[in-house]
Amino acid sequence: ALLESAPALLYIKDDEGRYVAANRTFADLVKQPLHRLPGQSDDAIRAGSLAGEIAELEKEVLRTGATKRVVEEFTLANGASVHWRVFRFPLKMPDGTQMLAAIGLDVSRAVRAEVELEEARDADDADALKSAAATSSATSSAAAARASFRQRLSPIDQAPSAAAAAAAAAAADSNRRL
């Protein structure tokens, strides 16, 4: 009753990694009929490298007794991608047998919000960089224009025109006569 009533992904595996029980939510996520899961391992229902990663993680949980939490991505039959935070933990049975249990919650909205926030930050960073580059470019352009203007003025400032030089010489001459 709990397996089918819980709004979560649920499964139990034996100590050799074979499914003992699972709920419809999990079966739908791995695109398998629920009745075919018992006795199967991840090698039979998941892609090669993913199956190996999950097997290693679950062996570690059983070896250490520590709960492990990961976010897993599943592709639905319609092609949509969903994310589930899955908690794996050891489960001691009354007869002393050790099993592995997993409970997962759909965190797709939170993952999408995190991705959107990161994209917004990246866009803000890009806008800030563009703005800084534009400001820097404008500042550089203004500085270059001022330098060019000064260069055009410099010959005049440094070397008075011939007429100005003649006038200055004439004024100095007339001052000497007085």
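Can you find, among 76, 65, 100, the residue farthest towards the positive end of the dipole of region 63-104? Put +1 on the C-beta of Lys and Arg, -1 on that of Asp and Glu.
Farthest along the dipole direction, towards plus: 65.
How big is the accessible area of residue 30 in square angstrom, nearest 10, if you roll a 1.4 angstrom probe over the protein chains?
The accessible area comes out at roughly 20 Å².
Treating cross-link reach as a plain straight distance, find the lysines whose alpha-carbon is under 25 Å from the alpha-carbon of residue 68, omitting any fewer than eight places away in the same chain.
Answer for residue 68, where 25 Å is the Cα cut-off: 13, 31, 59, 92, listed by chain and number.
For 109, 85, 69, what's the largest-to-smallest order of accessible area, 1.4 Å probe? Don't jump to the answer; show the numbers that get you there.
Numbers: 109 195, 85 85, 69 155 Å².
Highest to lowest solvent-accessible surface, that is 109, 69, 85.
Please give the length that would be gained between residue 121 and residue 108 if that part of the chain were fully extended, namely 0.36 nm times their separation in residues minus their C-alpha to C-alpha distance (nm, one decimal).
2.7 nm
Taking a spot 7 Å from the Cα of residue 80 along the direction of its beta carbon, which residues of region 21-39 have an amide N less than 11 Å from it?
Under cut-off, by backbone N: nothing.
What list of ³J(HN,Hα) couplings, whole Hz, do you get for region 96-111 from phi and the Karplus terms 6.51, -1.76, 1.60, once you set θ to phi - 60° and write x for glycine and proline?
x, 5, 9, 10, 10, 10, 9, 10, x, 10, 6, 10, 4, 4, 5, 5
Which percent of the accessible heavy-atom area of region 1-116 goes to carbon and sulfur, probe 1.4 angstrom?
On the way: 3670 of 6830 Å².
Carbon plus sulfur share of accessible area: 54 percent.
With +1 on each Lys and Arg Cβ and -1 on each Asp and Glu Cβ, and nothing else charged, work out how big the dipole of region 43-102 is about its Cα centre, in Debye to the nearest 20.
In debye, rounded to 20, region 43-102 gives about 220.
The values are calculated or read from the model by the stated rules, or taken from the named source; none is laboratory data. These numbers were taken from a predicted model, which means no experiment stands behind them. Positions of Cβ are generated from backbone atoms using ideal geometry, with glycine treated the same way; all protein chains shown enter the neighbour counts. Accessible surface areas use protein heavy atoms only, side chains included; no ligands, DNA or RNA. Shrake-Rupley method; radii C 1.70, N 1.55, O 1.52, S 1.80 Å.
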